[in-house]
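J.: Below is the structure I would like to discuss, written out as structure tokens.
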Amino acid sequence: MAITVLKRIIKAGFLNFKRGGVVSWAAVLVVTITLSVITLIILLQAVLHFSLAQIKDKVDVTIYFTVGAGEDKIMALKSSIEKLPEVSQISYTSASEALKLFRDRHSKDYPTIQALDEIGENPLGGYLNVKAKEIGQYESIANFLKSGSALSLDSASIVDKVNYYQNKLVIDRLNTIISGAQKLGFLITLLLVLISIVITFNTIRLTIFISKEEIGVMRLVGASKMHVRGPFMIEGAIYGAVATFFTLILFWPATAWLGRNMTNFLGINMYDYYLANFLNIFAILLFSGIILGVISSFLAVRKYLNK
Amino acid sequence: MIYFNNVSKVYRDATALEDVTFTVEAGEFVSIVGHSGAGKTTLTKLILSEEMPTDGTVFFESINVHKLKNDDLTKLRRRIGMVFQDFKLLPNKTAYENIAFAMEAVGKTEEEIASDVPHVLELVDLSHRMSHFPGQMSGGEQQRLAIARAIINQPELIIADEPTGNLDPVNTHEIVQILKKINDLGTTVILTTHNRGVIESINKRVITMENGKVIRDSKHRK
């Protein structure tokens, strides 16, 4: 019996959508706009994350060692730093590699190369490049280096300088900007999603307002609340599903255009991102669209169901 | 079957019903007559619990209709068939679907719907209109469809609120004959009208209302 009822409700929902004509398509249009806002937010978040990740990637701390520092001591310090939970990556450049890199970098700068040759021996020390998982964690890494735990390995004598203190101001400022951008992004997202939900809810409420009398008649002929409400909820789900389809189609050429013309500006190829995340975006939109449609219909019908 | 005990209904500053008391027995055909605003429609709304009385009680058999919870009210309404002046059909459903909806509401199977709907449409002479929408039908046809919907679940009571109000004399006559036939088959009918001709053609019990009061009840005219 329950399956028969469900079948009838689903069938009635589809029939209502089909016969709703302009009203149905107007509701689909509004839900499409809402889903487009959500898609736009997903894409903007991708740009924001990509940009922030790039900025974060540029920040690191370098520990320069004195000339002639023993490699075993450096390796001991490296392994103790590696154990820190804040560290995501650590790389060692030996003195000879540092010299080679220096020579490559200044290959066209003859006076410098000549001066280097004059010295005869390697004037550069090795260095460790440390990347933290989050920008805010550089300070604790620097503190670790300054503290006794690092020094207990008898490494203080080999450390020439740590560039964190020179870059501290820039790193702190970047950290503030990044967390600010993330918070602002979240707030804007929340606001846009809220506005979209309110607009969609009101549109669906209007479509159901048109059926106000019909709902009363259904109740008068003895239809249960679910029998009346069910088809409207199915109709709401159809709005969501059809709008998802339209939104996905709409963003295909839009992201292709962005990918072709705006990749340099955005730092990320939108079309590639859209295709790579197509299934995820599809799932998010379908879920949001259907939930939005069903809940809006549920709430809108409730008003006319009481008698 | 229906018991009105000292029922009054006041809308803000207007009195729609004042101390109304009467009884309708099972199988009766009762016409309630009166001018517009006499309180006829309020009376029918009170039976269906669409409105709450300001004072007094309305019973359907032993049930106080205004004490019912939502689910029980739905079950009560399934025992009553309604016919309205403005038909109140579902505009986005065909004639077939309008009747099928009332059957679905009471949980009838697809087989029962498929066999009963054509039969009842034939009864009201609308077989040829089965797949038409109400908007594509004349007033008389729409009212016949509304009657078909009202009787499809074999209700114990039919309430027809000004069913002929929007119809020409020919259609009025047809509707009255259908209602009489339904009553002859044992269903209680309450009909409200302001048309004296209709009452004369029915020639059954008449309750006359004026300004929300029952001023005459001709129980003897059976």
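Values in this text are rule-based calculations from the coordinates and carry no lab data. Computed from a predicted structure; not experimentally measured. Neighbour counts run over all protein chains shown; Cβ positions are idealised from the backbone, glycine included.
J.: Quick one: 3J(HN,Hα) in Hz for segment B:128-136, Karplus 6.51/-1.76/1.60 with θ = phi - 60°, rounded, Gly and Pro as x.
T.: Taking θ as phi minus 60°, the curve returns 6, 10, 3, 9, 8, 8, x, x, 9 Hz for segment B:128-136.
J.: Something else: Other chains' Cβ within 10 Å of B:179-190 residues: what's the mean?
T.: Mean partner-chain Cβ count within 10 Å for B:179-190: 0.
J.: Under 5 Å between amide H atoms, partner at least 5 residues away or on a different chain: which partners does B:Ser31 have, H built in plane at 1.01 Å?
T.: The answer is B:Leu191, B:Arg205, B:Val206, B:Ile207.
J.: Angle check, please: helix B:110-123 long axis (alpha carbons) against the longest principal axis of chain B (alpha carbons), in degrees 0 to 90, nearest 10.
T.: 70
J.: Can you give me the relative contact order of chain A as a percent, contacts being Cα pairs under 8 Å and 6 or more apart? Provide the component values of the computation, followed by the final result.
T.: Numbers: 339 pairs, mean separation 91.2, N = 307.
Relative contact order comes out at 30 percent.
J.: Net charge around A:Phe65, counting only other residues with Cβ within less than 11 Å of its Cβ (Lys, Arg = +1; Asp, Glu = -1)?
T.: +1
J.: Right, here's the next one. Tally Lys and Arg at +1 and Asp and Glu at -1 over the other residues with C-beta under 11 Å from the C-beta of A:Thr112: what net charge comes out?
T.: Once all neighbours under 11 Å are counted, the net charge is 0.
J.: Report, to one decimal in Å, the Kirkwood hydrodynamic radius for chain B based on all distinct Cα pairs.
T.: Value: 17.8 Å, from the Cα pair sum.
J.: Among A:Gln114, A:Ala98, A:Ser79, which residue has its Cα positioned farthest towards the positive end of the charge dipole of segment A:67-157, with +1 placed on the Cβ of Lys and Arg, -1 on the Cβ of Asp and Glu, and the dipole taken about the Cα centre?
T.: About the Cα centre, the residue reaching furthest to the positive side is A:Ser79.
J.: Tabulate in residue order the Karplus-calculated ³J(HN,Hα) for segment A:128-143, using 6.51 cos²θ - 1.76 cosθ + 1.60 with θ = phi - 60°, rounded to whole Hz; enter x for Gly and Pro.
T.: Coupling constants for segment A:128-143: 10, 10, 10, 10, 8, 5, 10, 4, x, 8, 5, 4, 5, 5, 4, 5 Hz.
J.: Let me check I've understood the local charge: for B:Arg144, count other residues with C-beta under 13 angstrom from its C-beta, Lys and Arg +1, Asp and Glu -1. What total comes out?
T.: Taking every Cβ under 13 Å from that of B:Arg144, the sum is -1.
J.: In addition: Against the longest principal axis of chain A, how steep is helix A:2-20, in degrees 0 to 90 to the nearest 10, with axes from Cα atoms?
T.: 90
J.: Specify the longest stretch of chain A that does not include any exposed loop site, a site being one of the GluC sites (Glu not before Pro) with a non-H, G, I, E, B DSSP assignment and at most 14 other Cβ atoms within 10 Å. The partial results should precede the final answer.
T.: Values: sites that count: A:Glu121, A:Glu134.
Counting at most 14 other Cβ atoms within 10 Å as exposed, the longest clean stretch of chain A is A:135-307.
J.: State which entries of A:Lys7/B:Lys75; A:Lys100/A:Lys161; A:Lys11/B:Lys180; A:Lys18/B:Lys88 exceed 29 angstrom in Cα-Cα distance in the structure shown. Present the calculation step by step, with values, prior to reporting the outcome.
T.: Values: A:Lys7/B:Lys75 22 Å; A:Lys100/A:Lys161 21 Å; A:Lys11/B:Lys180 37 Å; A:Lys18/B:Lys88 21 Å.
Distance filter (> 29 Å) returns A:Lys11/B:Lys180.
J.: Helix B:95-105: angle to the longest alpha-carbon principal axis of chain B, degrees 0 to 90, nearest 10?
T.: Long axis of B:95-105 versus the principal axis of chain B: about 60 degrees.
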